[in-house]
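Here the structure comes first, spelled out in structure tokens, and everything after it is commentary.
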Amino acid sequence: MNEETLLSRMTLQERIGQLLMAGFHGTEVPEELRSLIAEGRIGGVILFARNVESPAQTARLTASLQRIAREAGVPPLWISIDQEGGMVARLTEGVALMPGNMALGATEEPALAYEAASIAGRELRALGINMNYAPVLDVNNNAANPVIGVRSYGESPERVAAFGAEAVRGYAAAGVAAAAKHFPGHGDTSVDSHLDLPLVGHDRARLDAVELAPFRRAIAAGVDLIMTAHVRFPAIEPGGLPATLSPAVLTGLLRGELGFEGLITTDCMEMKAIANYYGTPEACVLAVAAGADQVLVSHTLELQRGALAAIEAAVRGGRIPAERIEAAARRSLRLKAAHGVLDAAASEAASASALAEVGCAAHLAVARDISERSVTLVRERGVLPLRRERTLAVTVAAAAQTIADEAVRASAGLGAALSALGLDCRDECVDASPSDARIAELSALAREGGWAQLVVGVYNAAFHPAQGRLVQALQASGLPLVVVALRNPYDLAAFPDADACVAVYENRPLALASAAKALLGVIPFRGALPVSLGEAYPAGWKEALA
């Protein structure tokens with residue numbers, strides 16, 4: 001049955017259901033989600049780290065979801081995920097986890113974004129996941145941005161546009177619907193929209209030149225979806241509404257001026273930027289009225305049911321024209337048809353046959369190559385490559401900075417990666433905000449003698465001042481000191497006296513291995529800074545070893 005025939009047979013309630021993407025808890029389908037699918041006739045679900053344990057379990061889960069929809073007479077579901085790569089990824093075990101956007105940007109090779117997206121997309125599709133909320137097209141030109149940072153390709157609109165367009169094409173080649181986010185741009189904010197409502201106060205000329213440029217390129221590349229930002233843009237929407245709820249942004253700008261004909265999806269409507277000011281069900285009504293075709297309610301069954309009821313009441317009460325619902329449902333069904341989602345049997349057969357390639361050696365080799373190409377030498381004063389002598393390595397463990405970092409977990413430190421390459425290295429790990437006692441303990445260890453050099457891996461040090469005190473205390477030992485930024489490259493600006501500074505943009509095991517190889521001279525430093533670290537180290541900077 002084609003999408004138009006399917007749409008013509010749908011009731012208003014069924015059409016409204018196609019607009020909702022719902023999250024849930026657990027690694028199996030809970031009874032409340034079964035009833036939401038059957039009664040709410042929803043369009044799809046979103047998976048988080050809480051839902052996935054392994055590729056095999058994920059494939060079973062997605063097959064169960066589609067079976068439940070089929071048995072309830074509901075069109076095949078969108079099954080979506082935030083698999084951006086790097087530090088924001090829900091699937092991290094048993095898959096070829098690609099480096100994140102800023103690591104890709106550091107390679108200066110947009111073609112690698114295509115390769116990463118096409119492989120990630122093929123693996124997602126093999127697991128029964130047909131929609132990815134990626135790539136991030138925010139231009140990160142604010143060092144204090146707490147939520148985007150390394151999720152961006154960099155501070156240059158041209159760089160972000162070029163890499164983003166290649167990622168869009170890569171997902172398309174894999175048959176996965178891709179969502180460019182967060183429109184019109186979340187890069188120049190200092191507030192996390194998970195926690196409050198940010199504002200980007202630039203004039204329209206600046207927005208056109210910077211924030212909107214990557215989205216224009218993505219539209220030209222045929223992107224399937226664009227996700228809205230819970231951010232205020234007074235130059236476009238003077239009434240104070242966040243972009244997600246603004247007809248001026250969604251219908252006037254995105255549909256009208258930019259000519260986007262794909263599906264407009266919201267970011268999660270339970271985020272505090274929306275929920276605290278408007279309430280989730282009412283905000284869903286406002287978003288659909290503004291032009292959104294899909295509303296994302298990621299966590300709470302009561303709010304998911306409330307959103308469906310509120311939208312239906314708004315249509316019956318005349319706040320939302322029935323034609324608006326019809327257009328939104330049509331876009332979703334049309335996109336499902338284009339990606340083969342409506343052909344459930346063929347989709348399941350394709351997933352089953354491709355499952356063996358998930359996490360295969362060839363895919364892992366591509367991830368490793370990208371990671372190694374991204375390692376960036378920012379400054380060096382004659383201490384690299386590391387001497388193959390006794391070394392003290394202190395690593396700040398990864399920790400969730402925002403809700404987006406759902407699957408960030410502490411891992412082994414840089415010392416372990418260096419030891420794996422044969423270096424005599426002591427590995428010490430500390431929390432993101434080490435205590436004064438722990439700093440004193442490590443300082444004493446560094447001064448006890450017998451060390452040839454120190455390596456310190458910092459993680460979002462700009463948001464955790466104790467890491468700066470840790471580096472200062474270790475530096476007082478007088479030993480050669482190398483600082484490695486394991487997420488935020490802006491951290492390195494705080495350590496002008498370090499003998500060497502290196503950026504790898506993430507703390508995943510692959511990035512630690514790549515950093516260790518470069519520090520020991522096993523591979524060359526090939527990356528370039530995607531962002532500026534003050535005037536001395538502009539975007540594009542790369543230091544050369546003497």
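The values are calculated or read from the model by the stated rules, or taken from the named source; none is laboratory data. None of the values given here were measured: they were computed from a predicted structure. A quick note on method: Cβ atoms are made from the backbone with ideal geometry, for glycine too, and the neighbour counts reach across all protein chains shown. Note: areas computed on protein heavy atoms with side chains; ligands, DNA, RNA excluded. Shrake-Rupley method; radii C 1.70, N 1.55, O 1.52, S 1.80 Å.
Remarks
- Single residue of segment 236-246 satisfying the filter (open to solvent by less than 20 Å² (accessible area, probe 1.4 Å) and among the small types (Gly, Ala, Ser)) that is nearest to Leu286 (Cα to Cα): Ser246
- Scan of segment 185-235 for residues that are buried (at least 22 other Cβ atoms within 10 Å of the Cβ), within 21 Å of Leu286 (Cβ to Cβ) and of a type in the set (A, V, I, L, M, F, W, C), ordered by number: Val200, Leu225, Ile226, Met227, Ala229, Val231, Phe233
- Entirely in segment 72-185, the helices (runs of 4 or more DSSP H) that have 2 or more residues that are within 11 Å of the chain's Cα centre (by Cα) and farther than 16 Å from Ala221 by Cα: 101-107
- Test: Ala273 is among the aliphatic types (A, V, I, L, M), at pLDDT below 95 and either under 27 Å from Ile79 (Cα atoms) or over 24 Å from the mean Cα position of the chain (by Cα) (or both): yes
- Members of segment 512-539 found to be touching a Lys or Arg at 6+ places or on another chain (Cβ under 9 Å) and within 20 Å of Pro157 (Cα to Cα), listed by number: Gly527, Ala528, Leu529, Pro530, Tyr537, Ala539
- Within segment 41-59, tally of residues that are more than 24 Å from the chain's Cα centre (by Cα) and surrounded by fewer than 23 Cβ atoms within 10 Å (Cβ to Cβ): 1
- Residue check for Leu386: touching a Lys or Arg at 6+ places or on another chain (Cβ under 8 Å) and not in a helix (DSSP H, G or I): no
- In this structure, Ser80 does not satisfy being small (Gly, Ala, Ser), open to solvent by 20 Å² or more (accessible area, probe 1.4 Å), out of contact with any His (no Cβ under 9 Å at 6 or more places or on another chain) and modelled with pLDDT of 95 or more.
- Selection count, segment 136-157, where residues are polar (S, T, N, Q) and surrounded by fewer than 24 Cβ atoms within 10 Å (Cβ to Cβ): 4
- Filter result (under 18 Å from Glu155 (Cβ atoms), buried (at least 24 other Cβ atoms within 10 Å of the Cβ) and out of contact with any strand residue (DSSP E or B) (no Cβ under 8 Å at 6 or more places or on another chain)) within segment 491-511: Glu506
- Checked against (1) hydroxyl-bearing (Ser, Thr, Tyr); (2) open to solvent by 10 Å² or more (accessible area, probe 1.4 Å); (3) in contact with a helix residue (DSSP H, G or I) (Cβ under 8 Å, 6 or more places away or on another chain), Ser532 passes all but a single condition, namely (3).
- Of all residue pairs spaced 6 or more apart or on separate chains, those with beta-carbon atoms under 7 Å, a first member in segment 28-53 that is within 28 Å of Thr92 (Cα to Cα) and a second member that is among the basic types (Lys, Arg) are Leu47/Arg90; Phe48/Arg90; Ala49/Arg90; Val52/Arg90.
- Here Asp405 meets each of (1) more than 21 Å from Val471 (Cβ to Cβ); (2) open to solvent by less than 10 Å² (accessible area, probe 1.4 Å); (3) not in a loop (DSSP other than H, G, I, E, B) with one exception, condition (3).
- Residue match in segment 128-135 (condition: open to solvent by 50 Å² or more (accessible area, probe 1.4 Å), hydroxyl-bearing (Ser, Thr, Tyr) and in contact (Cβ under 8 Å) with a residue 12 or more places away in the chain): no
- Count of residues meeting criterion [farther than 15 Å from Tyr278 by Cβ and among the β-branched types (Val, Ile, Thr)] in segment 198-248: 6
- Within segment 247-285, considering residues that are open to solvent by 30 Å² or more (accessible area, probe 1.4 Å) and among the polar types (S, T, N, Q), the one farthest from Ala327 (Cα to Cα): Asn276
- Checking Ala69, Ala89, Ala143 one by one, the residue that is under 30 Å from Leu33 (Cα atoms), in contact (Cβ under 8 Å) with a residue 40 or more places away in the chain and either in contact with a strand residue (DSSP E or B) (Cβ under 6 Å, 6 or more places away or on another chain) or not β-branched (Val, Ile, Thr) (or both) is Ala89 and no other.
- The residues in segment 11-26 that are touching a Lys or Arg at 6+ places or on another chain (Cβ under 8 Å), part of a loop (DSSP other than H, G, I, E, B) and open to solvent by less than 50 Å² (accessible area, probe 1.4 Å) can be counted, and the count is 2.
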